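The structure appears below as structure tokens.
Read the figures in this text as sums done on the coordinates, not as results from a lab. Bear in mind that the values here come from a model prediction, so they are computed numbers and not experimental data. Reconstructed Cβ throughout: ideal geometry from the backbone, glycine too, with neighbour counts over all protein chains shown.
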Amino acid sequence: MRLTLEFGGGLELLCNSVKIHEVNVDPEAEGNKLTMKNLLSWVRTNLIKERPEMFMKGDTVRPGVLVLVNDCDWELSGQLETVLEEKDVVVFISTLHGG
Amino acid sequence: MAMDSNGAVETAADVRREISSLEKAKAQIEDRISALQARLNSYGLEDGSEKTNCSAPPPAEDLFSGKLSADMIYRYSRHLLLPSFGVDAQANLLKSSVLVIGAGGLGSPALLYLAACGVGSVGIVDNDVVELNNLHRQIIHSEAYIGRSKVESAAAACRGINSTVQIVEHKEAFRTSNALEIMRKYDIVVDATDNVPSRYMISDCCVVLGKPLISGAALGLEGQLTVYNYNGGPCYRCLFPTPPPTTACQRCADSGVLGVVPGIIGCLQALEAIKVAGAVGEPLSGRMLLFDALSARIRVVKIRGRSSQCEACGENATLTEQQFCNFDYEKFTQTPLSTSPLKLQLLPPEARITSKEYNEINKKGEPHILIDVRPAHHYKIISLPNSLNIPLGSLEGGLPEISAALEVNKAGDNSRDSSLYVICRRGNDSQRAVDCLHKMGFTSAKDIIGGLESWAHDVDPKFPTY
């Protein structure tokens, strides 16, 4: 499944400072569905190069990270259970505090 | 050193003293001029010449539009000409009051626009003073105000633009002890602060007092903006119920920020405040604007609504004024409210030396290796001569380089072992590096307390700081 993944607010530093990643992720066996939960563990294994604790806590993202699926907060689509589709755009953004 | 015309010896310190005293006098005169200018403007004239129709007392309020005086109609004419803004929204602005917390990178443009556009009353909260390294982004302040209160500086600039707006100066840090009292008097709050505990505290205070919150943030080359606690929308805690780990909270003083980026977000904060105050358009509630300066991308995303589970504004939340006052935001976020940098105490005293001691070692020509563990782009700004740059992040990979350098020194002077010193910007990363070096067998490694900042402070005042 082809997806566009974007990292921002400093999270890109965890993946070689690259913000936009065009990726191809194979859905897990069960029902050929790819959920956000599957995607997070794929990202952790394949894209995060350092300090994984800055990206994840337990099986979800760490506090202070917003996850957007097609420009919409994943809270509105079922968080970890969100089912992804071909060409979806998933954004991981760390909230900023500076001023 | 030079002779002046009287033959007396003049030193650089004398000249600096005189410049500083003249600058103080200049700032005072400028203050006085802007106050007089404001008084002059209240006569309704910009060129200072007398015109009876303008210097006459303002006409009865209902004479023209039913609301605005002749001066106001002229001053705000371009707003009044907008069909979707017009007299009604301008009248709403004139009646409204906005509190801007933070007169820094975000607050600077926000305050300038809020004063210019005719918000009735603008409050400014900050307890900081203007510094030279603020001026690239905090455009409300000028060189004449370096060393003086940001609130005074910002207030003078606002009054200079619009003397008809009431500017209220709050020269204090925003704390739970004064937050309610300060915020209560205002209709709308702009969060232009730079740290996590302040953001939770301001949001909670807005929930307790029922004020809409225009929240902006900027760091590096990115910015974020949203409106909280507006019209049933979410508050900061709905989005971020748990504070982020402290390691995820970067500061402009450490990570840098391109000056215009907070400028853009601050302008957008003024815009959202004007929309809420004027009761026009669709404020950015339930949505968040994400700005990426390098790729010139602005994206507006839909965020969650008010959370029924929220501890501040949810269905079962019982956040009272008393509970707000007693809440420890520094403990909750594990971050101090003041922005002073961390002072780590990781190493025992025997593993540390002062910058003065290092200077002596250097002067005596004792063989040693000096490792600078700052990131490469910091090292490029300024470094001590003969230091070796091995950033903390790649220390392990740099071990062979360190061993080799020690060997070379040893070959040159067989009698003694070379010492190993580690320096960074402020003396935190150098301790982490020494700790790491000790574990890898370099047991003689010592860090220089206070880093390059203490070198500049205690040894070489001409050494640049940043």
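Miscellaneous remarks
- Here the calculated FRET efficiency for B:Asn359 and B:Thr246, from their Cβ-Cβ distance with R0 = 51 Å, stands at 0.95, rounded to the nearest 0.05.
- Measuring between their Cα centroids, region B:428-466 and region A:28-99 lie 39 Å from each other.
- Each 10 Å bin from 0 upward holds the following percent of the Cα-Cα pairs of region B:96-333: 8, 34, 39, 17, 2, 0.
- Degrees between helix B:399-412 axis and first principal axis of chain B (Cα, 0 to 90, nearest 10): 50 degrees
- Rounded to two decimals, the Cα-based Rg/Rh of region B:295-382, with Kirkwood Rh, is 1.24.
- Across the alpha-carbon atoms of region B:182-256, the computed radius of gyration and Dmax are 12.8, 37 angstrom.
- Percent of Cα pairs in chain A per distance bin of 10 Å, from zero to the largest separation: 15, 54, 27, 3, 0.
- With respect to chain B, whose longest principal axis is taken over its alpha-carbon atoms, helix B:12-41 is tilted by about 10°.
- Share antiparallel - DSSP beta bridges, chain B, percent rounded to 5: 40 percent
- Gap separating the Cα centres of region B:260-339 and region B:152-200, nearest whole Å: 16 Å
- Whole-number D in µm² s⁻¹ for region B:349-458, Kirkwood Cα-pair radius fed into Stokes-Einstein, 4 °C, 1.567 mPa s: 94 µm²/s
- The ellipsoid that matches the Cα gyration tensor of the protein assembly as shown has semi-axes, each √(5λ) in whole angstrom, of 46, 38, 19, with the longest given first.
- Using alpha-carbon coordinates, inclination of helix A:36-46 to the longest axis of chain A, degrees: 60 degrees
- Two-site label geometry, A:Lys87 and A:Lys33: point separation in nm, points 7 Å out along Cα→Cβ: 2.3 nm
- Length-normalised contact order of region B:80-171 in % [C-alpha pairs under 8 Å, at least 6 apart]: 30 percent
- The length gained on full extension between B:Ala376 and B:Leu344, counted as 0.36 nm times the residue separation minus their Cα-Cα distance, comes to 9.3 nm.
- Net charge, A:Lys87 excluded, C-beta distance under 13 Å - Lys, Arg +1, Asp, Glu -1: -3
- For the peptides B:304-315, B:152-163, the ranking by mean Cβ contacts within 10 Å, running from highest to lowest, is B:152-163, B:304-315.
- Shape parameters for chain B, alpha-carbon atoms, Rg then Dmax in Å: 27.5, 96
- Mean Cα-pair separation over length for chain A, i.e. relative contact order, pairs under 8 Å, 6 or more apart, %: 40 percent
- Cβ-Cβ distance of A:Ser17 and B:Asp14, R₀ of 35 Å, FRET efficiency by 1/(1 + (r/R0)^6): the value works out to about 0.10.
- Cleavage-rule hits, trypsin sites (Lys or Arg not before Pro), region B:356-438, DSSP coil, Cβ neighbours within 10 Å at most 12: B:Lys364, B:Arg416
- For B:Ile369, the amide hydrogen comes within under 5 Å of the amide hydrogens of B:Ser419, B:Leu420, B:Tyr421, counting only partners 5 or more places away or on other chains and with H modelled in the peptide plane.
- Secondary structure note: in region B:96-333, about 50% of the DSSP beta bridges are antiparallel.
- Two-site label geometry, B:Lys171 and A:Cys72: point separation in nm, points 7 Å out along Cα→Cβ: 5.2 nm
- The relative contact order of region B:349-458, computed from alpha carbon pairs under 8 Å that lie at least 6 residues apart in sequence, is 35 percent.
- Put simply, the convex hull of the Cα atoms in region A:26-75 casts, on average, a shadow of 4.2 nm².
- The mean count of C-beta atoms from other chains within 10 Å of the C-beta of residues in A:67-73, rounded to a whole number, is 4.
- A straight Cα-to-Cα reach below 19 Å connects B:Lys67 with the aspartates and glutamates B:Asp88, residues fewer than 8 places away in its own chain not being considered.
- Contour minus Cα-Cα distance for B:Ser295 and B:Ser403 (0.36 nm per residue): 34.6 nm
- The mean number of partner chain beta-carbon atoms within 10 angstrom of a residue's beta-carbon across peptide B:237-249 is 4.
- Peptide B:263-269 has a mean shielding of 1, counted as Cβ atoms of other protein chains within 10 Å of each residue's Cβ.
- Treating r as the C-beta distance of B:Ile29 and B:Tyr466 and R0 as 22 Å, the FRET efficiency rounds to 0.10.
- If the segment from B:Lys95 to B:Asn178 were pulled out straight at 0.36 nm per residue, it would be longer than the present Cα-Cα gap by 27.4 nm.
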